[in-house]
Amino acid sequence: MGAGVLRAVRPLVRKGGVLQWGRHSIEALAEEHGTPLYIYDGDRVLERLRTVRDAFAEVDPLVAYSVKANANLALLRLLAGAGCGADIVSGGELYRVRKAGFPAGRVVFAGVGKSAAEMREGIRAGIRAFHVESAGELEALGGVAGEAGRSAPVAVRVNPDVEAATHEFTRTGHAAAKFGVAPEEAVALYRRIAAHPHLHAVGVDVHIGSQVRSSEPFLRALEVVLDVAGAAERESGTRIGYIDLGGGFGIAGPAAEELDLAALGRAVARRLRGRGLSLVVEPGRFLVGDAGALATRVLYVKRSGGITFVVADAGMTELIRPSHYGGRHEIVPVREAGRGRVERVDVVGPVCEQGDFLARDRDLSLPAPGALLCVLQAGAYGFAMASNYNSRLRPAEVLLRGDRAELVRRREKYADLTRNECT
């Protein structure tokens, strides 16, 4: 494992040649809890939360954690206890954040396809805002709020037609994306909100994508939503209270630097100064991505068609990002291989799919069957996107805090696979 990787993921060190996460031996954790195993560093999560708050300190933002990145209840409770807010996209996530102790006033509800039932739950809970993404959704929300005899708080999600240099599946701010509405339509929606007896405007929302490492796309999007906020106030008398800049702040990768969040924060503060607007940001991966790792054990090594395959007990059912998004995760041996031969390999899983892999064409000290590997930066969109495909059991999760290691999700058993089936 190169020193550069160790520096990028600071809690990782080697002791006696064995990879440690802070004070904890990954080998010992894997022996105790089995593999595949997700490991999260709660102290690192809180450190990243402080980084976001410090970057935007001049405008004192509500940091609304994007729950879809990792919805483990222990992590949610940790963030709620630190005064974090929550950005949710489903009724299930609303249930989770309420169970975790997030005050409803720190919860914003995004997503293009909210159902009437989910709207009712959000209204009943008293959330901070619904981030509305279409005229049809706005009409439905007004109807649900009317039935409840309440007024629903609304921020329209604007699609600023800003391209972000990231994977096509995670670019959400360009005109052809399914998210949000064009600026001129957003202004028209604010006029409808002002005239509706059961809706009231509270903010303007935007989100341009994920793993964005330049400030420039964020600032272009901000200019668009500031124009929308100004036009909404002029044309409908609406009072806009906040701008939600979204998330997607890029973290460091094998060949990419992290977004300079402090520089973005300064630039955002300059543009908001004197406008009477507060700020919401929605980091997900930035808080939990490099605070997590996936431990997996090598089952077999085989050679076929000129390729060396390292077959591990984790695959696309545990970490789908490599095959779905082209995500690159560093993979390192838990126990140093000494002078072991480095080969170009594919690290693949046991799932019956050719698309089941954790890495392709990767230089790796060739491990023996039984060796442990550690997949880095797996705290976001890892377990959150895990599945039971091939009737595989989802892994356990462990949360580290200082010298404590707590099992925060037990490994599934076969009985869990059929628990909800009616037979």
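When residues in the range 176-211 are screened for being free of Cβ contacts under 8 Å to residues at least 12 places away in the same chain and either assigned to a loop (DSSP other than H, G, I, E, B) or outside the structural domain of LYS114 (by TED's automatic domain parsing) (or both), 1 of them pass.
Checked against (1) assigned to a loop (DSSP other than H, G, I, E, B); (2) modelled with pLDDT of 95 or more; (3) touching a Ser or Thr at 6+ places or on another chain (Cβ under 9 Å), VAL345 meets all criteria but (1).
Determine, yes or no, whether ALA371 is in contact with a strand residue (DSSP E or B) (Cβ under 6 Å, 6 or more places away or on another chain), under 18 Å from GLU27 (Cα atoms) and at pLDDT 95 or above. Yes, satisfied. A Cβ distance below 7 Å, combined with a sequence gap of six or more or placement on separate chains, defines the contacts here; from the range 13-39, residues that are more than 23 Å from ASN72 (Cα to Cα) and in the same structural domain as ALA396 (by TED's automatic domain parsing) reach residues that are hydroxyl-bearing (Ser, Thr, Tyr) and at pLDDT 95 or above in the pairs VAL18/SER25. ALA3 meets each of the listed conditions (1) hydrophobic (A, V, I, L, M, F, W, C); (2) modelled with pLDDT under 95; (3) buried (at least 18 other Cβ atoms within 10 Å of the Cβ) apart from (3).
Tell me whether the range 311-334 contains one or more residues that are surrounded by fewer than 16 Cβ atoms within 10 Å (Cβ to Cβ), out of contact with any Phe, Trp or Tyr (no Cβ under 6 Å at 6 or more places or on another chain) and at pLDDT 95 or above. Quick ask: steps written out before the conclusion?
In the first step, residues of the range 311-334 are kept if they are surrounded by fewer than 16 Cβ atoms within 10 Å (Cβ to Cβ); the result is 324, 326.
This time we only want the ones that are out of contact with any Phe, Trp or Tyr (no Cβ under 6 Å at 6 or more places or on another chain), so: 324, 326.
Cutting the leftovers down to at pLDDT 95 or above gives us none.
No, because not a single residue in the range 311-334 is surrounded by fewer than 16 Cβ atoms within 10 Å (Cβ to Cβ), out of contact with any Phe, Trp or Tyr (no Cβ under 6 Å at 6 or more places or on another chain) and at pLDDT 95 or above.
Restricting attention to the range 321-341 and to residues that are assigned to a helix (DSSP H, G or I) and in contact with a Gly (Cβ under 8 Å, 6 or more places away or on another chain), the residue that is farthest from LEU12 (Cα to Cα) turns out to be SER323.
I'd like to check something: does the range 212-222 contain any residue that is assigned to a strand (DSSP E or B), closer than 21 Å to VAL108 by Cβ and assigned by TED's automatic domain parsing to the domain that holds PRO160? Quick ask: steps written out before the conclusion?
Taking the range 212-222 first, the residues assigned to a strand (DSSP E or B) are 212.
Still in the running and closer than 21 Å to VAL108 by Cβ: 212.
Checking the rest, the ones that are also assigned by TED's automatic domain parsing to the domain that holds PRO160 come to 212.
So far as the range 212-222 goes, yes, one or more of its residues are assigned to a strand (DSSP E or B), closer than 21 Å to VAL108 by Cβ and assigned by TED's automatic domain parsing to the domain that holds PRO160.
Say whether the condition of being among the hydroxyl-bearing types (Ser, Thr, Tyr) and not in a loop (DSSP other than H, G, I, E, B) is met by at least one residue in the range 291-301.
Yes, some residue in the range 291-301 is among the hydroxyl-bearing types (Ser, Thr, Tyr) and not in a loop (DSSP other than H, G, I, E, B).
The values are calculated or read from the model by the stated rules, or taken from the named source; none is laboratory data. This structure is a prediction, so every number in the text was calculated from the model and none was measured. Neighbour counts run over all protein chains shown; Cβ positions are idealised from the backbone, glycine included.
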